[in-house]
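The structure appears right after this line, and notes come after that.
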C-alpha cells in the first residue's frame, strides 16, 4: 500500500496494491497494522457505512463535533466520485483549506479524513457505491454541516450545479464562517 499525505496534516490518500490477472483482481482494502504504521496514526474503526447514489448526488459537507468527532476512511466500490475533505480545526494552519480527490472503482484510491474535518462527495458516474469506515459512532446531536457552495472554500465540484441533487438539509447548511465548530 502506498500512503501519501495531502497538503492537510493527517489527511492521507491510500493506494492499495492490486493483484490482477485474467480472473479479475485481489486487493487488501484495509489492514490496521499497515494503516497505523504507514500513517503514524493509531486509529481503530468501529463502524462501516455504505451509500448508493446516482449521478449528481452531492452529500456534504458533514462533520461530527466534540467527543463524537469521526475520522473516516472512504473509498468507491463502484463508479466515480469527487471526494472532498475540509480542515475545520480552528487551531490548524490549514483551517478552511480543502483537498479534492477522484475516487473510482478503477483507481481504488482511498482517502483518510481525520477528526476535525468536514467531508462530502459528488457522484460523477451514472451511479456509485461509496463505502467508508468510521472511528466513532454517529451521534445525531453532534452533527454539523457547511454549505457545499461556500464562497470562502470555493470548491470545484467538477459538475455543473444544475446537475446536482442535494438534500434539503444540505441546501440550508451555514457557511464556514457561520458554522458551529
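Every number here is computed from the coordinates shown, using simple stated rules; none is lab data. This is a predicted model, so every value here is computed, not measured. No Cβ is skipped: glycine too gets one built from the backbone with ideal geometry, and neighbour counts run over all protein chains shown.
Scanning segment 142-157 for residues that are in contact (Cβ under 8 Å) with a residue 24 or more places away in the chain, farther than 18 Å from residue 95 by Cβ and in a loop (DSSP other than H, G, I, E, B) turns up 148, 156, 157.
Only one entry of 10, 48, 42 meets the criterion of being closer than 18 Å to residue 135 by Cα, part of a loop (DSSP other than H, G, I, E, B) and under 15 Å from the mean Cα position of the chain (by Cα), and that entry is 10. The residues of segment 2-53 that are out of contact with any strand residue (DSSP E or B) (no Cβ under 6 Å at 6 or more places or on another chain), touching a residue at least 24 places away in the same chain (Cβ under 8 Å) and under 22 Å from residue 99 (Cα atoms), listed by number, are 7, 9, 10, 29, 30, 35, 41, 43.
Residue-wise test of (1) surrounded by fewer than 23 Cβ atoms within 10 Å (Cβ to Cβ); (2) within 26 Å of residue 172 (Cα to Cα).
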| site | (1), (2) |
| --- | --- |
| 63 | no, yes |
| 68 | yes, yes |
| 85 | no, yes |
| 94 | yes, yes |
| 112 | no, no |
| 120 | no, yes |
| 127 | yes, yes |
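The criterion of being closer than 14 Å to residue 134 by Cβ and in contact (Cβ under 8 Å) with a residue 60 or more places away in the chain holds for residue 62.
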